[in-house]
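Asker: Below: one structure in C-alpha cells.
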Amino acid sequence: MTDVFVLYEALWRTLEGLGVAVVYGGLWEEDGDFHPDPWETGKDSPKITISRPYYADPPWPNQHRNRGGSALPPPDLLLELVTLAHEGGHFLSWKERTPRSEWQRYFGAAKKRDQIIAEVPRGGSTDEYNDRLRAAMQSSLRAEQIELILTEEALAWRIAQELLAGVGFDDFEYYEAAMRKGLHCHRYRLGLDELWPEDRASNGGAA
Ligand SMILES: [Zn+2]
C-alpha cells in the first residue's frame with residue numbers, strides 16, 4: 001500500500017474540498033468527532049476533529065506531536081486515517097446522504113446520549129461506572145433513539161469505506177476490524193453488547 005500519510009493527506013484535502021473543516025483536538029475521549037455547528041451559531045459550519053494528544057501546531061495534516069508529547073509514541077496514522085474516514089462518513093451523511101429531518105432526529109438522540117454521559121456520576125471502578133452508564137442509557141433513551149444512533153453509525157462506516165477506496169486505501173481487513181470495534185463500542189455504551197475480552201486492553205472507539 002502507498003505510504004499511509006500520503007493517503008491521510010489526500011483524504012483530509014478531499015474532505016476539505018467537500019466543505020468540512022478538519023482539525024486536531026487534544027482532549028477527547030473519542031478517536032474523533034463530527035459536528036455540523038460546533039459553536040452553535042445556527043449556521044452550518046461542519047467540523048471534524050481528530051484526536052491526537054499533544055498535537056503539533058500547524059492546522060494541517062502532519063505526523064507530529066508538540067514538545068509536550070515527546071515521551072509518547074508517534075501518532076497512529078493508520079488509526080487516524082480510518083477515524084478521519086468514519087467522521088467523513090458522518091459529514092457526508094449530514095450533508096447529502098440522509099434527509100436532513102432524519103439526520104436531526106439522529107442528532108437529537110446523540111445529544112441526549114451525550115447528556116446522559118455528562119450526568120451519570122463518575123467514581124467507583126470503571127466497571128461500576130460503565131454499568132451505571134449503560135443502565136441510564138437503557139432507561140432514558142427510547143428504542144427508536146437507540147436505533148437512530150446505530151443506523152447512523154453503520155452508514156458512516158459504509159461511507160468511510162467509499163472514501164478510503166477513493167484515495168487508494170486497500171487494507172480493508174484493518175478497516176473491517178475498526179468498523180466492528182467501533183460499532184461494538186457504541187452498542188456496549190448503549191447497554192446492548194457485553195464487553196469483549198479484548199476491550200480491557202484498549203480504549204474507546206470512533207464517535
Ligand atoms: Zn461515529
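Any read-out appearing in this document is the output of simple, stated calculations on the displayed coordinates, not a laboratory observation. Every value quoted in this text rests on a predicted model; they were computed, and no experiment measured them. FYI the Cβ positions are ideal-geometry reconstructions off the backbone, even for glycines, and counts take in every protein chain you see.
Asker: Determine ³J(HN,Hα), in whole Hz, for all residues of segment 82-90 in sequence, where each value follows from phi through the Karplus function 6.51 cos²θ - 1.76 cosθ + 1.60 and θ = phi - 60°; x replaces Gly and Pro.
Answerer: Once rounded to whole Hz, the list reads 5, 5, 4, 5, 5, 5, x, x, 5.
Asker: From the phi of every residue in segment 41-50, what ³J(HN,Hα) in whole Hz does the Karplus formula 6.51 cos²θ - 1.76 cosθ + 1.60 yield, where θ is phi - 60° and glycine or proline is x?
Answerer: 7, x, 10, 5, 8, x, 9, 10, 10, 9
Asker: Search the structure for amide H atoms under 5 Å from the amide H of VAL22, placed 1.01 Å from N in the peptide plane, and list their residues when 5 or more places away or on another chain.
Answerer: ILE48
Asker: Right, here's the next one. Find how many whole Å separate the alpha carbon centroid of segment 1-56 from the alpha carbon centroid of segment 174-203.
Answerer: About 22 Å separates the Cα centre of segment 174-203 from the one of segment 1-56.
Asker: Under a 5 Å amide H to amide H cut-off, with H placed in plane at 1.01 Å, what residues pair with GLY32 once short-range neighbours are removed?
Answerer: Amide H neighbours of GLY32: SER51, ALA207.
Asker: Using Cα atoms only, what is the angle between the long axis of helix 172-189 and the major principal axis of the chain, expressed in degrees (0 to 90) to the nearest 10?
Answerer: With rounding to tens, the tilt is 30 degrees.
Asker: In segment 64-112, how does Rg compare with the Kirkwood Rh, expressed as the Rg/Rh ratio over alpha carbon atoms?
Answerer: 1.23
Asker: Rounded to whole Hz and in sequence order, give me ³J(HN,Hα) for segment 151-162 from the Karplus expression 6.51 cos²θ - 1.76 cosθ + 1.60, θ = phi - 60°, writing x for Gly and Pro.
Answerer: Along segment 151-162, the couplings run 5, 5, 4, 5, 5, 4, 5, 5, 5, 4, 4, 4 Hz.
Asker: From the Cα gyration tensor of segment 52-140, with a ≥ b ≥ c the square roots of its eigenvalues, which class applies: rounded if a/c is under 1.5, or else prolate if a/b is larger than b/c, or else oblate?
Answerer: oblate
Asker: When averaged across all projection directions, what area in nm² does the alpha-carbon convex hull of segment 1-116 cover?
Answerer: Projected area, direction-averaged: 8.3 nm².
Asker: Let me ask another. Over 22 Å, how big is the tail of the calculated P(r) for segment 4-201, in percent of all Cα pairs?
Answerer: 51 percent
Asker: Straight-line reach from LYS43: which aspartates and glutamates have a Cα under 20 Å away, not including same-chain ones fewer than 8 places off?
Answerer: Leaving aside aspartates and glutamates fewer than 8 places away in the same chain, those within reach of LYS43 are GLU16, ASP33, GLU87, GLU96, GLU102.
Asker: Using a ≥ b ≥ c from the Cα gyration tensor of segment 95-200 (square roots of the eigenvalues), is it rounded, prolate or oblate, where a/c under 1.5 gives rounded and otherwise the larger of a/b and b/c decides, a/b for prolate?
Answerer: In terms of gyration-tensor shape, oblate.
Asker: Next question, about the same structure. Taking the Cα centre of the chain as origin, work out the dipole magnitude from +1 charges on Lys and Arg Cβ and -1 charges on Asp and Glu Cβ, in debye rounded to 20.
Answerer: Value, rounded to 20: 540 debye.
Asker: What trypsin sites (Lys or Arg not before Pro) in segment 22-89 are in a loop by DSSP, with at most 14 other Cβ atoms within 10 Å of the Cβ?
Answerer: LYS43
Asker: In the chain, what % of DSSP beta bridges are antiparallel (nearest 5)? Don't jump to the answer; show the numbers that get you there.
Answerer: Values: 5 of 10 bridges.
Approximately 50 percent, going by the DSSP bridge assignments.
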